[in-house]
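The values are calculated or read from the model by the stated rules, or taken from the named source; none is laboratory data. Here the structure is a predicted model, which is why all the values come from computation and not from measurement. Every residue, glycine among them, receives a Cβ derived from its backbone with ideal geometry; neighbour counts consider all protein chains shown. When the accessible area is computed, the model is the full protein with side chains, heavy atoms only, and any ligands, DNA or RNA have been set aside. Shrake-Rupley method; radii C 1.70, N 1.55, O 1.52, S 1.80 Å.
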Amino acid sequence: MSTTVAGGTALVQQRNLVTEIPGPKSQEKLARKKQYVADGVGTTLPVFVEAAGGGVLRDVDGNTLIDLGSGIAVTTVGNAAPQVVARVQEQVAAFTHTCFMVTPYDGYVDVAAALAELTPGDHAKKSALFNSGAEAVENAVKIARVATGRDAVVVFDHAYHGRTNLTMAMTAKNMPYKNGFGPFAGEIYRVPMSYPFRETEGIKGADAAARAIDQIEKQVGAENLACVVIEPILGEGGFVVPADGFLPALAAWCRDHGVLFVADEIQSGFCRTGDWFACNHEGVVPDLITTAKGIAGGLPLAAVTGRAEVMDAVHAGGLGGTYGGNPVVCAAALGAIAEMRDHDLPARARAIEATIRRRLDAIAADHPTIGDIRGRGAMMAIELVKPGTLEPDAARTSAVAAYCHAHGVVVLTCGTWGNVFRFLPPLSIGDDLLEEAFDVVAEAFAATA
Ligand SMILES: *Cc1c(COP(=O)(O)O)cnc(C)c1O
């Protein structure tokens, strides 16, 4: 049985339930949360965590749960990766903040240099750092507008880009992200995504791109368009992998029309999909790329990285923020990137994909509610439908999720219809634990059949 060091405690890498879920201590704390925390801030699995690392979370009642969510694709290197912990401790003891816009420090520049090296394309690149994914997306749009002198922004069906005003406008789904929060920012245009499972069989990526491009040309006009913003694999929208050729065709059209191609790799980036970035799977080189989530081992960091001449179009002082690229967070990112390199985490994500696909294929053979298995690397999903149809089955999805939670496996759902399971284990999870988690998923399908 392997152990991992988390917050100084050896954390046994094993699922172990000693109370019901949530246990009595978590329930007490939940009542306190209810008293003091706004109801709008939801909770997927209401156990209070006291330690986490490797592939497990230990709660205040002493239960150890297997983590297939990574805090929504964030703890790619684990929740307490040794190099993240060490570098953060060292940095926090040296200084916590100066504001990079007031007096700079190395960590910020080191992260920007790493981003220039790791993101797709070998052109000259520059970065600006922010605190959250939504903030990075907002800034990518700001930069694209200045660089092109155009206003319009194209986004896609099922897109998720954040919860701030501009990014709510860019996000597709009303509940819970937008409902009642308008009016939204203008000049955002939505076009059809390539969604192979829900389309005429055999429709090619290039055809799906032509359909989107035709709408852009008719409804927006390339001459008004600053950028196309796309998740190369949809995140909240259901882990949809567009048909082969869709992304390259869109990127080529953008290049031909002076439109910037912006890849939102906030969820798919940093080894998650079995390569450093999801764009790499099809050789797509974005003009701008937004990153966050997996970048800093759980600390809040986000970035916009792009062609140097595009990034430099913005006037001095036009980009920034009080905390963006805080020194502690940059130390965490450098530690996380070191873990990714040292342990070849893209390869680990591919190995995890092979295990998950084997397990999901077997489960799907017994349970025709699983209409589609998709994803790349450790970013895998299944879509649940009424057997033999495309009709979403959100009720079954909830039932399977509830079973997994009650049996100590943290699973997350997503998708426009709430009928998709997304599997996002930390890449630090052990093989035995991963197999055990899918034993529970298999039981959950059997128990809810
Ligand atoms: C999570 C996410 C965002 C928003 O990131 P926050 O840090 O929550 O603001 C934007 N785009 C994608 C693709 C995401 O998955």
Has the stretch 59-70 got any residue that is at pLDDT 95 or above and open to solvent by 40 Å² or more (accessible area, probe 1.4 Å)?
no
Modelled with pLDDT of 95 or more, open to solvent by 10 Å² or more (accessible area, probe 1.4 Å) and at positive phi: is that true of Gly245 in this structure?
yes
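Of everything in the stretch 241-265 that's within 12 Å of the ligand (Cβ to nearest atom) and of a type in the set (A, V, I, L, M, F, W, C), which residue is farthest from Ile143 (Cα to Cα)? Break it down stepwise before answering.
Residues of the stretch 241-265 within 12 Å of the ligand (Cβ to nearest atom): 262-265.
Narrowing further to those that are of a type in the set (A, V, I, L, M, F, W, C): 262-263.
Details: Val262: 11, Ala263: 14 Å.
Selected residue: Ala263.
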Scanning for something out of contact with any Gly (no Cβ under 7 Å at 6 or more places or on another chain), over 29 Å from Ile356 (Cα atoms) and among the small types (Gly, Ala, Ser), does the stretch 89-102 turn up at least one residue?
yes
Within the stretch 276-298, can you find the residues that are open to solvent by 10 Å² or more (accessible area, probe 1.4 Å), more than 14 Å from the chain's Cα centre (by Cα) and not polar (S, T, N, Q)?
His281, Glu282, Gly283, Val285, Asp287
Please identify the pairs in which a residue from the stretch 186-197 that is assigned by TED's automatic domain parsing to the domain that holds Met168 has its Cβ atom under 6 Å from the Cβ atom of a residue that is open to solvent by 20 Å² or more (accessible area, probe 1.4 Å) and basic (Lys, Arg), counting only partners at least 6 apart or on another chain.
Pro192/Arg211
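Please give the helices (runs of 4 or more DSSP H) falling wholly within the stretch 45-136 in which 2 or more residues are within 18 Å of the chain's Cα centre (by Cα) and either away from the ligand (no atom under 16 Å from the Cβ) or under 13 Å from Ala333 (Cβ atoms) (or both).
Details: elements: 70-73, 82-94, 106-118.
Ranges flagged: 106-118.
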Being in a loop (DSSP other than H, G, I, E, B) and in contact (Cβ under 8 Å) with a residue 40 or more places away in the chain is the filter here, so list the residues in the stretch 418-449 that pass it.
Leu424, Pro425, Pro426, Leu427, Ser428, Ile429, Gly430, Thr448, Ala449
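Restricting the stretch 160-187 to residues that are among the hydrophobic types (A, V, I, L, M, F, W, C) and open to solvent by 70 Å² or more (accessible area, probe 1.4 Å), which is farthest from Gly149 (Cα to Cα)?
Going through the qualifying residues, I end up with Met175.
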What are the residues in the stretch 22-58 that are in contact with a Phe, Trp or Tyr (Cβ under 6 Å, 6 or more places away or on another chain) and open to solvent by less than 70 Å² (accessible area, probe 1.4 Å), if any?
Ser26
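Residue by residue through the stretch 326-344, note down the ones that are in a loop (DSSP other than H, G, I, E, B) and either under 15 Å from Arg272 (Cα atoms) or in contact with a strand residue (DSSP E or B) (Cβ under 7 Å, 6 or more places away or on another chain) (or both). Quick ask: steps written out before the conclusion?
First pass over the stretch 326-344, keeping only residues in a loop (DSSP other than H, G, I, E, B): 326, 343-344.
Residues satisfying the conditions are His343, Asp344.
Please go through the stretch 213-234 and pick out each residue that is of a type in the set (A, V, I, L, M, F, W, C) and either surrounded by fewer than 24 Cβ atoms within 10 Å (Cβ to Cβ) or outside the structural domain of Gly306 (by TED's automatic domain parsing) (or both).
Correct list: Ile213, Ile216, Val220, Ala222.
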Does at least one position in the stretch 188-205 carry a residue that is open to solvent by less than 30 Å² (accessible area, probe 1.4 Å) and in a strand (DSSP E or B)?
yes
